[in-house]
2 protein chains.
Amino acid sequence: MKSTGSDALVQQVVERFADTPDPRLREILGSLVRHLHGFIRETGLTEREWMQGIEFLTAVGQKCDDRRQEFILLSDVLGASMQVVAVQSARAPGCTESTVFGPFHVEGAPQVADGGDVARGAKGTPCTVRGTVRDSDGRALAGATLDVWQSDDDGLYDVQRPGLQGAQGRGVLKSQGDGSFRFESVVPVPYPIPTDGPVGDLLRASRRPCQRPAHLHFRIQAPGCETLVTHVFRSGDPHLDADPVFGVRPSLVADWPAAGPGRHEMHFDFVLQRID
Amino acid sequence: MKSTGSDALVQQVVERFADTPDPRLREILGSLVRHLHGFIRETGLTEREWMQGIEFLTAVGQKCDDRRQEFILLSDVLGASMQVVAVQSARAPGCTESTVFGPFHVEGAPQVADGGDVARGAKGTPCTVRGTVRDSDGRALAGATLDVWQSDDDGLYDVQRPGLQGAQGRGVLKSQGDGSFRFESVVPVPYPIPTDGPVGDLLRASRRPCQRPAHLHFRIQAPGCETLVTHVFRSGDPHLDADPVFGVRPSLVADWPAAGPGRHEMHFDFVLQRID
């Protein structure tokens, strides 16, 4: 039987995972144990604080259902989701940067022809979005799949409107032979992340703002290239410096200028990392 | 807007908690963020692994109900509960060591007179438990409150038997004028922690044993002394080296010798840290 002083205990727990057959799981559990124990030792966590932590995590789990993922939200506001993006995106210079995926993507969104309408009835100021998709060697990518999604003028995604029939503010289109793409939508606006659960309690207890800066989501896939998951943000948005999920990167901020009465436009050129 | 490279992101998230009014909460959140990000960076956690972690934590939360606390179990098997005990128990030499509280304590257990029966019908080999309670200055503590609880011969606590009326294997008694105590109970046996939830999946994936060595729980409270939460383990138990919750300390292992036909006895002397 080993001594269970603090140092020895960490080692003892790590060793208890030594027979884990999957070497990657063993590595992850070992690192998790060292950092979890490091946190407890560094803070001198009390029994009462530990119990508050247990109750908080339990409430986060119990807030989750088919339409709500409170643990992703917790990961987002702790910057953990963005750190996962950061450690995985060692791309060549010049490639478009990634950001968080977020909880509002839906697989199988409607196919939209080049120049077609992605808003599909979503409220908001009309906006034309155009740009190009190239690879890191500078070649135009024809037939790349662009999956785009966004909130409407109320700051709500279609999946946040329980009564709504059919997709709004989302669609899938292909880039043209010259790598260009174009679609019609509405200008995105800032919106608050959901604050009616334990993560909202955490943000209030730490006096943190909950408004995300306005953005348009893109997932771009092309053969031979790394899939790009990112947003394009609106320059001048007052929330760019305080995104509660830490998703803003300066290279992803674009102008959305007026383009005639009651209309805007936005242009963005994407560059995907080649992997073949 | 700040750069969100890995290092900068950690700092950015910590700073976002800078306005937290409660300084202790701010300290805890800062440490949590640094260790959480350290874990992600050290392992190079992928999006897929991150999502598996999200799904695991969600399942842990959703396994919890009025009779089951899967997050405490997770904390226990990761050694976190025992580390909280370890960082809080910087006691004077000679004081009895603490260990994990566990999930099976019930407040308001039946009062038992000195020499009385704690088993209250619990199955098992009869056993007399006796000992003394002293403080760290060596003085006998009269009137100390001893809260004791244990599983029966099937390895089950009373709260794990849904149909059972009334308490079994638990009771509250007082030490006598000379600091002594004595009660009748049954010999504890090893038992498995619950493995029908996500924590069970984790133990199976890491080939970890789930049997706790046999033990008797004590919580001892006396005015002017730090409350002691501990177990007494049975010497010779084959699971002492592999307690899944890391609760064993060599100083807490005692003999439970035979004391006549079909009877055992156990003697343990407790020493509580003075705090006044």
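The values are calculated or read from the model by the stated rules, or taken from the named source; none is laboratory data. Here the structure is a predicted model, which is why all the values come from computation and not from measurement. Using ideal geometry, Cβ is built from the backbone for each residue, glycine included, and neighbour counts are taken over all protein chains shown. Side chains are part of the model used for accessible areas, which takes the heavy atoms of the whole protein and leaves out ligands, DNA and RNA. Shrake-Rupley method; radii C 1.70, N 1.55, O 1.52, S 1.80 Å.
The criterion of being part of a helix (DSSP H, G or I), touching a residue at least 12 places away in the same chain (Cβ under 8 Å) and either assigned by TED's automatic domain parsing to the domain that holds B:C210 or not aliphatic (A, V, I, L, M) (or both) does not hold for B:S98. Pick from the stretch B:1-37 the residues that are touching a residue at least 24 places away in the same chain (Cβ under 8 Å) and at the interface with chain A (Cβ under 7 Å from one of its Cβ atoms): which of them is nearest to A:C210 (Cα to Cα)? Here the answer is B:V13. Test A:Q176 against the criterion of being within 30 Å of A:A92 (Cβ to Cβ), open to solvent by 60 Å² or more (accessible area, probe 1.4 Å), at pLDDT 95 or above and of a type in the set (S, T, N, Q), and give yes or no. Taking the combined requirement at face value, the residue satisfies it. Taking the stretch A:86-97 only, how many residues are within 15 Å of the chain's Cα centre (by Cα) and open to solvent by 50 Å² or more (accessible area, probe 1.4 Å)? Number satisfying all stated conditions: 2. Checked against the criterion of being more than 26 Å from the chain's Cα centre (by Cα), within 30 Å of B:D196 (Cβ to Cβ), part of a helix (DSSP H, G or I) and not aliphatic (A, V, I, L, M), the stretch B:29-36 contains not a single residue that satisfies it. Among the residues of the stretch A:195-212, just one is more than 14 Å from every other protein chain (Cβ to nearest Cβ), open to solvent by 40 Å² or more (accessible area, probe 1.4 Å) and either within 20 Å of A:G247 (Cβ to Cβ) or polar (S, T, N, Q) (or both), namely A:T195.
From the list B:P198, B:P261, B:P194, B:P244, the lone residue that is without any contact (Cβ under 8 Å) to a residue 60 or more places away in the chain and either assigned by TED's automatic domain parsing to the domain that holds B:T58 or not basic (K, R) (or both) is B:P261. The single residue among A:R170, A:R139, A:R161 that is at pLDDT 95 or above and open to solvent by 40 Å² or more (accessible area, probe 1.4 Å) turns out to be A:R139. Regarding B:L45, is this residue outside any helix (DSSP H, G or I), under 21 Å from A:V60 (Cβ atoms) and touching a Phe, Trp or Tyr at 6+ places or on another chain (Cβ under 9 Å)? It is true that B:L45 is outside any helix (DSSP H, G or I), under 21 Å from A:V60 (Cβ atoms) and touching a Phe, Trp or Tyr at 6+ places or on another chain (Cβ under 9 Å).
Among residues of the stretch A:38-49 that are hydrophobic (A, V, I, L, M, F, W, C), those with a Cβ under 7 angstrom from a residue that is open to solvent by 30 Å² or more (accessible area, probe 1.4 Å), sequence gap 6+ or separate chain, pair up as A:F39/B:L32; A:F39/B:H35; A:I40/B:V87; A:L45/B:V87. Every listed requirement among (1) modelled with pLDDT under 95; (2) more than 20 Å from B:I40 (Cα to Cα) is met by A:V87 save one, (2). For residues that are out of contact with any strand residue (DSSP E or B) (no Cβ under 7 Å at 6 or more places or on another chain) and surrounded by fewer than 23 Cβ atoms within 10 Å (Cβ to Cβ), scanning just the stretch B:239-248, find the one that is farthest from the other protein chains (Cβ to nearest Cβ). It comes out as B:A242.
Could you grab me the full set of residues in the stretch A:75-130 that are among the basic types (K, R) and within 14 Å of chain B (Cβ to nearest Cβ)? Scanning the stretch A:75-130 gives a single hit, A:R91.
Here is a yes/no grid of residues against (1) open to solvent by 40 Å² or more (accessible area, probe 1.4 Å); (2) over 23 Å from A:T46 (Cα atoms); (3) touching a Pro at 6+ places or on another chain (Cβ under 8 Å):
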| residue | (1), (2), (3) |
| --- | --- |
| B:G224 | no, no, no |
| B:H231 | no, no, no |
| B:D237 | no, yes, yes |
| B:A258 | yes, yes, no |
| B:Q273 | no, no, no |
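Considering each of B:Q52, B:Q111, B:Q83, B:Q69 in turn, give the residue that is surrounded by fewer than 16 Cβ atoms within 10 Å (Cβ to Cβ) and free of Cβ contacts under 8 Å to residues at least 40 places away in the same chain. Just a single option satisfies the conditions, and that option is B:Q52. In the condition set (1) facing another protein chain (nearest Cβ under 8 Å); (2) more than 13 Å from A:G197 (Cα to Cα); (3) not hydroxyl-bearing (S, T, Y), A:I72 is compliant with all but (2). Selection over the stretch A:55-66 of residues that are assigned to a loop (DSSP other than H, G, I, E, B), more than 7 Å from chain B (Cβ to nearest Cβ) and open to solvent by less than 50 Å² (accessible area, probe 1.4 Å) gives a count of 0.
For the stretch B:39-48, the set of residues classified as open to solvent by 30 Å² or more (accessible area, probe 1.4 Å) and at the interface with another protein chain (Cβ under 7 Å from one of its Cβ atoms) consists of B:R41, B:E42, B:T46, B:E47, listed by residue number. Residues that are over 28 Å from B:Q211 (Cα atoms), at pLDDT 95 or above, surrounded by fewer than 22 Cβ atoms within 10 Å (Cβ to Cβ) and not hydroxyl-bearing (S, T, Y) are absent from the stretch B:147-156 altogether.
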